[in-house]
Amino acid sequence: MERKKIPDSYMDNCKKMNQVEPDHYYNNYDSKGRFCSYWHQIHEIIKLGPNRVLEVGIGNGFVSKYLKERKIKVTTLDIDKRLNPDVVGSVFQLPFPNESFDVIACYEVLEHLSYEVFPKALSEIHRVSSSCAVLSVPDSTRAYRLDIQIPKIGELRKLIHLPRVRAPEHQINREHCWEIGKGECNLRKIVGRIRNADFELKKTYRAFEMPYHRFFVLEKYQGE
C-alpha cells in the first residue's frame, strides 16, 4: 500500500488529542472489570500466535509487560512521551515500514480521536500490519449481564443488549470524542469503516465482565 502524505488537518488533530496525566492509568484503572479486560486484550493476541506486536497506546504497560514475559517481541508506541513508550509517535503516521508487525493492538485509544479521522487511523494500522489487528473501543449501548449456574450443566453467561429507540448524544469530554451507541456512531457504521479499510472482521464482542469495552479481531483482506 502506497503511503500518502498526511494532511496538516490530521496532524493538528493528533497534536490536540486529549491527554491525561500518567498516574491516571493507575488511580482509575484498577477495577475488577478493567483487569478482566486486560485478560481479553492479552488472550486475543496470544491466540493469533504473533512474533512481532505493535501496541498503539501503552497505558500503564500491563499488557506489553505480560506479552514480553511470554517471549513475544512487543514494540510500544504512544503520543505521550511521559509514558515512556519504545517509540513516540502518532497512529495517524506510524513510523514503521509496511507490514512491520504481525499484529497491531490498539485498545481504548481511537475514541480519543475525532470520529472523522477514524478511517485514517485504520489505514495506518492496516499498512503496518502483515496479518491482523485487535482493537477495542467503548460501547455504551445498554446491556444486562445474565449469569446462571445450572447443576450438572454448568454456567450460562450472556449479555442481553437493549438498544435505545433513539441513541443519546455524546458529550465530548476531556477524554472521549465518541462512543458506540451515542449520537450517530453505531456498530454498523464502525464495521463499515473497518471493511472499507480492507480488513475482514473475524469477530466482535463485548467483554462480559466489562461490557463497556467492545473488541474487534481483524484480518487483512487477502483477496483472490
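Calculate, for Arg142 and Asn196, the FRET efficiency according to 1/(1 + (r/R0)^6) with r their C-beta to C-beta distance and R0 30 Å; round to the nearest 0.05. Mind showing how you got there, number by number?
Values: r = 28 Å, r/R0 = 0.92.
Once rounded, the FRET efficiency stands at 0.60.
Let's test the formula: R0 of 30 Å, r as the Cβ-Cβ distance of Gln222 and Lys71. What FRET efficiency results, to the nearest 0.05?
Values: r = 28 Å, r/R0 = 0.93.
Efficiency, from the Cβ-Cβ distance: 0.60.
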### Query
Considering the Cα trace of segment 17-156, what is its radius of gyration and what is Dmax, both in angstroms?
16.5, 54
### Spatial extent of segment 109-150: Rg and Dmax, with the Cα atoms as the point set, Å
15.8, 47
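How much length is gained if the chain between Val88 and Ser123 is pulled fully straight, taking 0.36 nm per residue apart and subtracting their Cα-Cα distance, in nm to one decimal? Could you put the intermediate results ahead of the total?
On the way: separation 35, 0.36 × 35 = 12.60 nm, distance 1.89 nm.
Full-extension gain reported as 10.7 nm.
Applying a 10 Å radius around every beta-carbon, put 58-69, 151-162, 187-198 in order of their mean neighbour count, most first. All intermediate terms of the calculation are to be shown ahead of the outcome.
On the way: 58-69: 17.5, 151-162: 9.4, 187-198: 15.2.
So the peptides 58-69, 151-162, 187-198, ranked by packing, come out 58-69, 187-198, 151-162.
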#### Entry: Long-range amide H partners of Phe199 with built H, under 5 Å
Tyr221
### Cβ-Cβ FRET estimate between Ile153 and Phe35, R0 fixed at 25 Å, reported to 0.05
0.35
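Grab the eigenvalues of the alpha-carbon gyration tensor for segment 119-203, scale each by 5, take roots, and send me the semi-axes largest first in whole angstrom.
29, 21, 11
Just so you know, all these numbers are worked out from the coordinates, no wet-lab data involved. Bear in mind the structure is a predicted one, so any value in this text is a computation, not a measurement. When we count neighbours, we look across all protein chains shown, and the Cβ atoms used for this are built from the backbone with ideal geometry, even at glycine.
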